[in-house]
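For reference, the structure discussed in these notes is given below.
The values are calculated or read from the model by the stated rules, or taken from the named source; none is laboratory data. The shown structure was predicted, so the numbers you read here are calculated from the model rather than taken from an experiment. Every residue, glycine among them, receives a Cβ derived from its backbone with ideal geometry; neighbour counts consider all protein chains shown. Just the protein is used for accessible areas: all its heavy atoms, side chains included, with ligands, DNA and RNA removed. Shrake-Rupley method; radii C 1.70, N 1.55, O 1.52, S 1.80 Å.
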Amino acid sequence: MTERFPHLIVAPVVLPLMTAALLLLLGEKRKRAKSIVNVGAALAGLLVALEILRGADAGGSSGAALVYLMSNWEAPFGIVLVADRLSALMLVLVGVVSLCAALYAEAAWGRAGAYFHALFQVQLMGLNGAFLTGDLFNLFVFFEVMLAASYGLHLHGSGWPRVRSGLHYIAVNLLASSLFLVGLAVLYGVVGTLSMADIAEKLALVPARDRGLLHAGAAVLAVAFLIKAAIWPLNAWLVPAYTATSAPVAALFALMTKVGIYALVRSWTLFFSAGASAQFGGTALLYAGLATIAFGAIGLMASMSLGRIAGFSVIVSSGTLLAALGMGTAAVTSAALFYMLSATLAVSALFLLVELVERVGSDGQRRAPDLDVEPGEDTNLDEEEAPLVGQAFPVSIALLGLAFMVCALLVAGLPPLSGFVAKTSLLTALLSPRGDGHASASAPVSPAAWILFGLLLLSGLAATISLARAGIRHFWSTAGRLPPRLKGVEAASVLGLLLCCILLTLYAEPVMRTTRATAAGLHAPKAYIEAVLSMRPRPGPTRPVIEAEGAP
């Protein structure tokens, strides 16, 4: 891939940046053209991400990363973009969700306010850059790009709930950004570099007297990541913010908590996989993740609104991923990566469904029965004593009901879809203390693993009860009301995300092979470090030698 397209790695950052500039030039009157450009750029970004994933996965079991030297300066002196399997998987995830969210926004939300499409592309630039960058300072830069765009997207539209939750959202993220800078300053003062590969190389050289300061800087940095990952008790901002914003923006925001998870996974597996600081903070991550799962499960049971159910589902998925990271075994990490793909797609689809489901019977009117004759003794009647035989079942209600059922199965982790495969893989890995996927009688399962095992089952039960209750309220108790109007792009966006989950189920074994190789590379990061630090600048063009006139 690098031989054919040596500059393709930078495309996920440059493409949305140039698209945002083009969208600003189009002006406000050409809204349809802007929607087409936005969807086209999202599709192009997905294709680029798939090609990068193919190139990153071509290295086999070595796990070598694709490295791009910005301005042709080698690490750690210059900015580098690094695409390994984990980065490529996250890029594909961003591509799928952003394409479906852009399609959904084309129906109405893209025309509800100014600069929606440009902000959408800037958001994608920040997300892709955060997954590709190879140093912590540029991770902060892309975080801020992503957050700056998210502030505008969150307030897109109107209404006091958006303003109120938006102020909380901005305040919390500004605090997290301040902590991010403090952590970076402390780490730079101890190690003398912010290149992640270079930090991993130099951690063994940090003297014992400075190791406490190193741990303090890493802990401050972790708090910033944990706020963005919605860890308990730092996640009170998430549900109000995600439920107040528009449906396509909420679907895109489901990726933002995964940026915090990614930053933790990337930095902790690089910095604390071996040496004197091995597994530093792992226990804190584990028990914080367990508390987050419990909090999310309680929130699911207490929620009546479908939007709040989707928000607490994001919290449950974040807690599951953090607890899996704290376990510190490759088998659990592999299962958690598969779970992350399935859960993110499912929750994004659920956020898109919220607005569509709430349209069911929103005007409170009821349709007249289709039969004018008096019902006989053997006629099947509904709750209003209207005959069921001969009544038309609206196609829009049928599609919404089926999509909601699929989302419920995915979020709750019920068979036979990818949510069940992901949770089964997690439960199996937790019962394998050796981390090889097989139980061992000589090595007992840790108490924390049993707690996580139980919480996964309880959170699935809570999601099942909560979503079943919401389904009864929106589809059963509203029988007979006017069916909602669905546009083709709205239905296509939801069905696209659900189709990806179905494909994830059908091709679970190849995807699991990729996640196993990804987890193995994360827990043995030597190949990543060597690939970044050994990359040398490309030689520049040589100046031709012109012979002087009359020379022999």
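Scanning segment 484-526 for residues that are surrounded by 15 or more Cβ atoms within 10 Å (Cβ to Cβ) and in a loop (DSSP other than H, G, I, E, B), which turns out farthest from the chain's Cα centre (by Cα)? Here the answer is Pro484. Within segment 69-91, being surrounded by fewer than 21 Cβ atoms within 10 Å (Cβ to Cβ) and part of a helix (DSSP H, G or I) holds for Met70, Ser71, Asn72.
Looking at Ser150 and the list (1) modelled with pLDDT under 90; (2) surrounded by fewer than 24 Cβ atoms within 10 Å (Cβ to Cβ); (3) closer than 21 Å to Ser178 by Cβ, which single condition is not satisfied? The failed condition is (2).
Condition check: within 26 Å of the chain's Cα centre (by Cα), in contact (Cβ under 8 Å) with a residue 12 or more places away in the chain and over 30 Å from Val97 (Cβ atoms). Does Ala148 satisfy that? In short, no. Checking Tyr115, Tyr104 one by one, the residue that is open to solvent by 10 Å² or more (accessible area, probe 1.4 Å) and either of a type in the set (Phe, Trp, Tyr) or at pLDDT 90 or above (or both) is Tyr115 and no other. Scanning segment 1-36 for residues that are at pLDDT 85 or above and open to solvent by 40 Å² or more (accessible area, probe 1.4 Å) returns Val14, Leu15, Leu17, Met18, Ala21, Leu22, Leu24, Leu25, Ile36. What about Ser442, is it of a type in the set (Ser, Thr, Tyr), at pLDDT 85 or above and either in contact with a strand residue (DSSP E or B) (Cβ under 6 Å, 6 or more places away or on another chain) or at negative phi (or both)? Judged against the criteria, Ser442 is not a match. Going by what's in this entry, would Val94 be described as assigned to a strand (DSSP E or B), within 22 Å of the chain's Cα centre (by Cα) and either surrounded by 23 or more Cβ atoms within 10 Å (Cβ to Cβ) or of a type outside the set (Gly, Ala, Ser) (or both)? Here the answer is no, as Val94 does not meet what is asked.
Contact map, segment 157-178: first residue farther than 17 Å from Phe253 by Cα, second residue among the hydrophobic types (A, V, I, L, M, F, W, C) and modelled with pLDDT of 85 or more, Cβ cut-off under 8 Å, separation 6 or more or different chains; pairs are Leu175/Ile227; Ser177/Phe140; Ser177/Phe143; Ser177/Leu147; Ser177/Ala224. Please verify whether Ala263 is more than 30 Å from Ala101 (Cβ to Cβ), part of a helix (DSSP H, G or I), out of contact with any Cys (no Cβ under 6 Å at 6 or more places or on another chain) and small (Gly, Ala, Ser), treating the condition exactly as stated. When the stated conditions are applied, Ala263 does not pass them. Looking at the structure I just gave you, is Ala244 open to solvent by 10 Å² or more (accessible area, probe 1.4 Å), small (Gly, Ala, Ser) and in contact with a Lys or Arg (Cβ under 9 Å, 6 or more places away or on another chain)? Answer is yes for this residue. Looking for something surrounded by 15 or more Cβ atoms within 10 Å (Cβ to Cβ) and more than 21 Å from Pro525 (Cα to Cα) - is there at least one such residue anywhere in segment 191-210? No; the residues of segment 191-210 include none that is surrounded by 15 or more Cβ atoms within 10 Å (Cβ to Cβ) and more than 21 Å from Pro525 (Cα to Cα).
Within segment 22-48, which residues are part of a helix (DSSP H, G or I), in contact (Cβ under 8 Å) with a residue 60 or more places away in the chain and not β-branched (Val, Ile, Thr)? Leu23, Leu24, Lys31, Lys34, Ser35, Asn38, Ala41, Ala42, Gly45, listed by residue number.
When the criteria are applied in full, Leu194 meets the requirement of being in contact with a Pro (Cβ under 9 Å, 6 or more places away or on another chain) and modelled with pLDDT under 90. Just one residue in the set Phe420, Phe404, Phe475, Phe393 is at pLDDT 90 or above and of a type in the set (Phe, Trp, Tyr); that residue is Phe420.
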